[in-house]
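Each value in this text was obtained by applying a stated rule to the coordinates, not by laboratory testing. Please read all numbers here as calculations on a predicted model, not as lab measurements. Because the Cβ atoms are built from the backbone with ideal geometry, glycine has one as well, and the counts that use them run over all protein chains shown.
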Amino acid sequence: MSTPRVLISEPHAAGPLYLPYIWAILKSHWERNSAAREAVTWLDPLWRRAEAEGDLDEVCGAAPDVLGLSCYTWNWDLQLRVARWAKSRNPDCLVVAGGPEPDYKDPHFFRKHPDVDAVVVKDGEIPFAKILEAVVAGGKDFRHIPGLYLPSLETKLQVLDDPASAHIFTGPAEVPTVFDYSPYIEQNELYERIMTEHGKSWVMASLETNRGCPYSCSYCDWGSSTMSKLRKFEMSRVEAEIDWISRIGVKFLFLVDANWGIIPRDVEIADRLAEARAKNGLPKGMYYSSAKNNPDRTVEIVKRIYDAGLTAEHFLSVQHTDPEVLAATDRSNISPEKFREVVYSLARHGITTEVQLILGIPGDSVDKWKSCLAEMMNWGVHDNFQISPYSLLPNAPAADPRFMAKWEMKTRDLQLIPYGGVRQKNGLSCSKSKIVVGWRGFGDGDWVEVSAYSAFVKGFHNRALTRLPAIYLHFVHGVDYREFYDAIVDEFARESAFVAPLYSRVSGMFSEMLKDSDKTNEMELEDFPNCPFVVDAAKWLYVKSVLNLDEFYRDLSRFLVARFPKAKNLKSVIDYQEQMVITPDFRSRQGKSFLVTKNWPEFFRTAHSLMEYRPLEEPESWIIPRRAVVAGSKRVAPDNQLDFGEGTMSQRWERWLKQTINQHDQARFSNCPDPQIEEWTARGIPLGGLKLNFRSN
């Protein structure tokens, strides 16, 4: 064979552009450690999803001799397409797959996927380099390389416990333990070219500072590194990489550590990120998975990156609050008291919290799930519930046939809208995921019910259409959040002349998904025929409600006042909540003003400051009404200041829609303020994107 040509395929998920990282890891390791480094030709990686979905002959030219596939849920179907293309153009091409998605434990894997020749388990640097060395030497037998699954040979050689398996396991993988250089910096030439071409786009990058995860949550497969010892990267590498990412123009950073904050030096890493942001103005934001058992350190880290402008919220991984449900999935959380401390410590610093929950954990029930959402509100988390379905990753413990049989699990391969709840209609496709939709004692109707219930809680509470009345009833009249939202979703949403059709649409959509795996959770905004987006149910509900705001609040007020007749200020707080919703007639410079006869700002400030429940008195009445003025905040919307421009109302509605559906689910846009007030002195307090000023009429 002439010099082997190596192609690494790692198409990103639908959405922003991610710099190719696996290619740099594999290429840099080869160049640093192989005596035959000049013996192979590394092609530019296949990393843009649009190219992987397009004409591969045009994109790649001739097929490679070695194809490496970095496989995740979001690109597995695409990777198989790339493998088929490579084999069709070059039957001798060696196709090596890695990452969490290849189901190498399935004894029929290589019969189902004949275009894949080998699967790398765990870290890929060392096994892939050994494969290339064997290829350079003219070999085709890789059984001597640890960490691989291979198709069985004609001799039917078996080293697995299962005698019926059709593949060979070559033994535990050899993984790197020293990480003293940056693949990004080593391969800077390619990244400079990428940024020259795509730098004006929203380019994102991954950053890892360690590998491994000591926990054993059954739903998780952190790159096959769960239940493993933590391997720390050298701090010199981390610092150099942060500086490089900031200088080259990366706008958003994804910190891929499994538990940021698990070790003391993570505070220093937060400082380095803050320094890079201050020096270069980039990255503009970041996402991370925080350690759940180090709350004090987590709070310190988040404060630092918040002050640096790297995040507007904290991501709190909870998954569920019921101990039995958590035990069923081999997860244990810190105590609710510790979670509350994190939430309130950050809230005092002006930082909102996004809680991450999993819908569909075996052992859950309709009752437990609804109580879980209410418990989040009891903790003081109101801004954003990021609810993910229980996705069955092939190599996670939950995918083990024994675990599935124990719970009598039922799954469907579903195509779900990406994180954020919005997708362009004619944009990049979404791969299907294996979603758990049922288990022993939990059927199709239950899954539809909790899915619809969750959409209404996110659309109404997180986006602050019903949040303030819920908080008022909770603290003054002892109405549990669970009771309130059971009434909203199970009664109001099914009886209101306006909302009932919305409920039917949402629940019908989830029902159709169970019947037809080609159905998705995407919903059309038919009121905007030219809208290029589809959205999830929560955003759809919010948009439909705001489009008919008067009708929505008329029905809501009528229902709640009748449902909770002893709450004498309920009508007032509903009116107050309605006034806080931003609509297209809002102009940031002029603001929005309305009369306030009750001291709702002080009431909600007090309510939000409580770390545990205690009854509050009815809000103070003002003899002379005060005028509230709402204005935009530069922190969250520096480019548009919540201003929808000039033009017709139809044009302003379209701009409003674009800003709304691209906003996160928290109150940064739809406003649940927590202002302060000092008697008759006007004072503006920035609150998740808004300022509220109060003055006498």
Task: Cα-based reach from LYS27 at 14 Å (exclusive), listing aspartates and glutamates while leaving out same-chain residues under 8 positions away - done: GLU10, GLU38, ASP44, ASP123, GLU125, GLU133, GLU186, GLU189
Task: Rounded FRET efficiency, nearest 0.05, which uses the C-beta distance separating LYS200 from THR3 and R0 of 41 Å - done: 0.70
Task: segment 306-409 - Rg (one decimal) and Dmax (whole number), Cα, Å - done: 15.4, 48
Task: Under 21 Å from the Cα of LYS566 - lysines, other chains or at least 8 residues apart - done: LYS598
- [ ] On a C-alpha basis, how far is the centre of segment 510-573 from the centre of segment 387-454 in Å? Whole number, if you could?
- [x] 23 Å
Open item on the list: Can you report the principal axis dimensions of segment 507-587 using only the alpha carbons, biggest first, rounded to whole angstrom?
Closed with: 49, 35, 14
- [ ] Kindly express, to the nearest 10 degrees and within the range 0 to 90, the angle between helix 235-248's C-alpha long axis and the longest C-alpha principal axis of the chain.
- [x] 70 degrees
Task: Computed FRET value (nearest 0.05) for ALA405 with ASP486, which takes r as the C-beta separation and R₀ as 30 Å - done: 0.35
Task: Likely footprinting exposure, PHE552, PHE586, fewest C-beta neighbours within 10 Å first - done: PHE586, PHE552
Open item on the list: Which three numbers, in whole Å and largest first, are the semi-axes of the equivalent ellipsoid of segment 181-311 derived from its Cα gyration tensor as √(5λ)?
Closed with: 25, 18, 13
TODO: Relative to the longest principal axis of the C-alpha atoms of the chain, give the angle of the C-alpha long axis of helix 549-563, reported between 0 and 90° and rounded to the nearest 10°.
DONE: 70 degrees
- [ ] Could you tell me which of rounded, prolate or oblate describes segment 65-141, using a ≥ b ≥ c as the square roots of the eigenvalues of the alpha-carbon gyration tensor, with rounded for a/c under 1.5 and, failing that, prolate when a/b is larger than b/c and oblate otherwise?
- [x] oblate
Task: Exposure proxy order (Cβ contacts within 10 Å, fewest to most) of VAL342, VAL535 - done: VAL342, VAL535
- [ ] Could you tell me how many degrees, from 0 to 90 and to the nearest 10, lie between the Cα long axis of helix 467-477 and the main elongation axis, the longest principal axis, of the Cα atoms of the chain?
- [x] 60 degrees
Open item on the list: Based only on other Cβ atoms within 10 Å, what is the fewest-to-most ordering of TYR288, TYR72, TYR191?
Closed with: TYR72, TYR191, TYR288
Open item on the list: Compute, for the chain, the length of the dipole vector about the Cα centre, with Cβ point charges of +1 (Lys, Arg) and -1 (Asp, Glu) only. Units Debye, rounded to 20.
Closed with: 1260 debye
TODO: Kindly provide the Kirkwood hydrodynamic radius of segment 5-169 in Å, to one decimal, from all pairs of distinct alpha carbon atoms.
DONE: 16.2 Å
TODO: Could you list the square roots of 5 times each eigenvalue of the Cα gyration tensor of the chain, that is, the equivalent ellipsoid semi-axes, sorted largest first and rounded to whole Å?
DONE: 48, 28, 24
